[in-house]
Amino acid sequence: MKKKVLIGITIAVIAILSGVFVFQYIQNNKEKPETVFTQYMSYINDENYSEMYNLLTEESKKTISKEDFIKRNSNIYKGIEASNIKIELKEIKQLDNQNSNITYKTSMDTLAGKLEFDNSVELIKNDGKYYIDWSSNLIYPNLNNADKIKVNTQQAKRGNIYDRNDKVIASEGIVSSVGLVPGKINSNTKEADIKKIAELLEISEDSINKALNASYVKDDTFVALKNVAKDNSELKQKLLQIKGIKITDAKSRVYTYGEELAHLVGYIQNITAEELKQNAGKGYTSTSKIGKSGLEKIYEDRLKGTNGAEIYITDSSNNKKETIAQVSEKNGEDIKLTIDVDIQKQTYEQFKDDRSASVVMNPKTGEILALVSTPTYNANDFLLGMSTNKWNELSNDESKPLYNRYLATWVPGSSFKPVIGAIGVSTNKINSEEDFGTSGTSWQKDSSWGDHFVTTLATYSKTANLQNALIYSDNIYFAKAALKIGSETLKTELEKIGFNKSINFGQVTNSSQYANGSSFSSEGALADTGYGQAEVLVNPIHIASIYSAFVNEGNMIMPYIEYKENVSPEYYIENAFTKEAAETIKQDLVQVVEDANGTANSAKISGIKLAGKTGTAEIKKSKDDTEGTEIGWFNSFVADENSKKQLLVVSMVEDVKARGGSHYLLPKVKSIFEKFAK
């Protein structure tokens, strides 16, 4: 027992002595000049200029007040946008008992690129502690206390975005800058006029007053308030009726097709503090604009360019003494898209009043010719400065104009039947000529399904084979087909053609799914999947790639959005279906249009061999729901192998119930093919 007590006392003594040693070590380190200086420099990254001042000698403090010290350091380091400041100690020399000298190398990122320089600092010991003998040359070697560091910037031009025919989609253009000249404001009606201006420009009165009260503003200063569209004549006329208003031209990013291409191209806006931090070292400044959505965001690094900047020292007479750092501006890269703005506009005009998604593609090359999501917004509104009311209006709109529908997934309904047919024939689970027999308009496999029935509107006396089932859009045939294929084979084949996987074509799609989980929830759900119901969801771009296999001998094309010259087609998935299955489905889909009884017969166009499949998907909260809505689809393509104008169109419209279901889409999609054929 005594032995244990002695051991415990010994351990305690060692712990106490160790603590004393650690404390003494810290205290000794605090007294080292390099520790004090390293601490001083670390405060710059933290913008803690007050603590920096506390480390100065009393003699240094006599040369500059704390307020001026903080202001000088802050203005310089913020002005050159210094970040990632590091020092490398080269030599520490003890001059005498009180003085030490440190030579060191400083490196930092600035708006003019990386800045590196050698310097030295003297530290003086007082009452056992070291303090820094400060002057402005501690910021930069040749900087005197009366000197200033200035910055001159050259704005790089952001790259333009063009369509396949070199039509400008996004570029530097001219907008109207609306502002006030204080000396010309009617003092008697100033308050009322500012209120009126705020209403017209959809900005706050406080923002106007704050701008007018800025320190630089004089009576003849043009105080910019907001940019408006150059062609917004009505608004400008109302504004010019107010005394003091002045409107001038200003350069700005302009979207030629502000609504038609908003979801694809996106927009740029002022960079946030968080984005500035995330993109440190990339040449952004606090006044930069950055891509916020769409291709503007995706291609940001290529579009933005690099601003030119010069950081230099001037003396008290404003004469340039020395250039510290300099970088030349480099304009951003131009981007050319596969988009055809004429087809984009035609597609948008057809669906602008709907909640819809459309993909127009060359199925032989994968070139995306149009991507439309409606309703939409005007991308220029984000550039010109969107009011809180306008933002709330867009955000709270039930039709979701900010929502990109062509990247989302949707219940495909009968437009999914060709996929089931192609899988069935490819796996030899289905013989396309086999007669599945008549089943009326309601069917179930057996009584084990309880009250679950598959229903169809299709009634026909012809053989219930694959072609007729597609022509008449027979749900029961494809429910039986899914059961014949079987759950494991169907899962394998759907995953093989890209289900549960997104497509990155520049933008990234949501993944199509065949079930909410990893398998079909029941045999009835498997049957319902056969005609595009149950839990199956498809992405429009993905289904466009799947349909492309019907003209590519079973190979799914890889969709792409950036234009390329003379490239060979790239397949997203090779041998998605057998060559024979793809040809069978293609010819059957031709009959869906050509046959007088085909569900897409009204889309028939003289001189164009068109193939396609309609689909009307029911969206219900439960099987007893009678108020549910419907989604309409029409997926179609040119089926002539020799045609010089290959085109595939996938279109989806929400809420087509009481509007003819999928037939609502037929004349709209037909017009796109007619426009393209001219």
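FYI, it's all coordinate maths here, none of it is from the lab. Source: prediction; values computed, not measured. When we count neighbours, we look across all protein chains shown, and the Cβ atoms used for this are built from the backbone with ideal geometry, even at glycine.
Ranked from highest to lowest mean number of other Cβ atoms within 10 Å per residue, what is the order of the peptides 368-374, 456-462?
Peptide ranking by packing, descending: 368-374, 456-462.
Short version: ³J(HN,Hα) in whole Hz for each residue of the range 113-127, in order, from phi by Karplus 6.51 cos²θ - 1.76 cosθ + 1.60 (θ = phi - 60°), x for Gly and Pro, what are they?
For the range 113-127, the Karplus curve yields x, 6, 10, 9, 7, 8, 7, 9, 9, 10, 10, 10, 8, 9, 6 Hz.
What number results when the radius of gyration of the range 171-255, computed over Cα atoms, is divided by 2.2 N^0.38 Å?
Normalised Cα radius of gyration, the range 171-255: 1.07.
Measure nothing but the geometry: give the 0 to 90° angle between the long axis through the Cα atoms of 579-594 and the longest principal axis through the Cα atoms of the chain, rounded to 10°.
Long axis of 579-594 versus the principal axis of the chain: about 70 degrees.
Hand me the GluC sites (Glu not before Pro) from the range 359-398 located in a DSSP loop with no more than 16 other Cβ atoms within 10 Å, in residue order please.
Those that pass, being in a loop and sparsely packed, are Glu398.
How large is ³J(HN,Hα), in whole Hz, for each residue of the range 366-371 in order, when computed from phi with the Karplus curve 6.51 cos²θ - 1.76 cosθ + 1.60 and θ = phi - 60°, using x for Gly and Pro?
Values, residue by residue: x, 5, 7, 9, 7, 9 Hz.
Whose amide H sits under 5 Å from the amide H of Gly173, counting only residues 5 or more places off or on another chain, with H placed in the peptide plane?
Under 5 Å from the amide H of Gly173 lie the amide H atoms of Ser252, Arg253, Val254, each far enough along the sequence or on another chain.
Take the alpha-carbon centre of the range 428-493, take the same for the range 500-544, and report the distance between them in whole Å.
19 Å
In percent, how large is the relative contact order of the range 31-145, given Cα pairs closer than 8 Å and 6 or more residues apart?
Relative contact order, the range 31-145: 24 percent.
Between Leu56 and residues 5 or more places away or on another chain, which pairs have amide H atoms under 5 Å apart, with H built 1.01 Å from N, and which residues are they?
Correct list: Ile132.
Once phi is turned into ³J(HN,Hα) by the Karplus curve 6.51 cos²θ - 1.76 cosθ + 1.60 with θ = phi - 60°, what whole-Hz value does each residue of the range 263-280 show in order, with x for glycine and proline?
Listing the rounded values in order: 5, 7, 6, x, 7, 10, 8, 4, 5, 8, 4, 5, 5, 4, 5, 5, 10, 4 Hz.
Hey, how much of the P(r) for the range 342-677 falls beyond 38 Å, as a percent of Cα pairs?
Considering the range 342-677, 12 percent of its Cα-Cα pairs are separated by more than 38 Å.
When only Cα pairs under 8 Å and 6 or more residues apart are kept, what is the percent relative contact order across the range 342-677?
21 percent
Provide Val649, Val454, Val327 in ascending order of the number of other Cβ atoms located within 10 Å of each residue's Cβ, fewest first.
Least crowded to most crowded, the residues run Val327, Val454, Val649.
Ser671 to Lys297: extension gain in nm, 0.36 nm per residue of separation minus the Cα-Cα distance?
That works out to 131.4 nm of additional length.
What is the packing order of peptides 66-74, 584-592, 348-356, taking the mean over residues of other C-beta atoms within 10 Å and listing the highest first?
Final packing ranking: 584-592, 348-356, 66-74.
Between Asn144 and Leu89, what FRET efficiency comes out of the Förster formula 1/(1 + (r/R0)^6) with R0 = 30 Å and r the beta carbon distance, rounded to 0.05?
So, using R0 = 30 Å, E works out to roughly 0.75.
Roughly how tilted is helix 190-201, in degrees to the nearest 10 and between 0 and 90, from the longest Cα axis of the chain?
Approximately 40 degrees, to the nearest 10.
Counting only residues 5 or more places away or on other chains, whose amide H sits under 5 Å from the amide H of Ile339 once H atoms are built in the peptide plane?
When sequence neighbours closer than 5 places are left aside, the close amide H contacts are Arg164.
Can you work out the FRET efficiency for the pair Ile605 and Trp391, with r the C-beta to C-beta distance and R0 = 41 Å, to the nearest 0.05?
Computed FRET efficiency for Ile605 and Trp391 comes out at 0.45.
Equivalent ellipsoid semi-axes for the chain, as square roots of 5 times the alpha carbon gyration tensor eigenvalues: give them largest first, rounded to whole Å.
66, 37, 23
Can you tell me how much longer the chain between Glu275 and Asn126 gets when fully stretched, taken as 0.36 nm per residue apart minus their C-alpha distance, in nm with one decimal?
49.2 nm
By counting other Cβ atoms within 10 Å of each Cβ, how are Tyr267, Tyr130, Tyr547 ranked from fewest to most?
Tyr130, Tyr267, Tyr547
Suppose each label sits 7 Å from its Cα in the direction of the beta carbon; what would the Thr314-Lys195 distance come out to in nanometres?
The modelled label-to-label distance comes out at 4.4 nm.
Along the charge dipole of the chain, pointing to its positive end and built from +1/-1 on Cβ of Lys, Arg, Asp and Glu, which listed residue (Tyr162, Tyr53, Leu384) has its Cα farthest out?
Final value for the positive-end residue is Tyr53.
Sorting Trp633, Trp391, Trp410 on the 10 Å Cβ count, fewest up front, what's the list?
Listed from fewest to most nearby Cβ atoms, that is Trp391, Trp410, Trp633.
Any idea how far the Cα center of the range 209-227 sits from the one of the range 79-93, in Å?
The two parts, judged by their Cα centres, are 39 Å apart.
What does the highest-first list of 476-488, 375-387, 97-109, 152-164 look like by mean Cβ count within 10 Å?
Result, highest mean first: 476-488, 375-387, 152-164, 97-109.
If you count the DSSP beta bridges with both ends in the chain, what percent of them are antiparallel, to the nearest 5?
95 percent
With r defined as the distance between the Cβ atoms of Leu402 and Ser461 and R0 fixed at 41 Å, what FRET efficiency is calculated, to the nearest 0.05?
0.25
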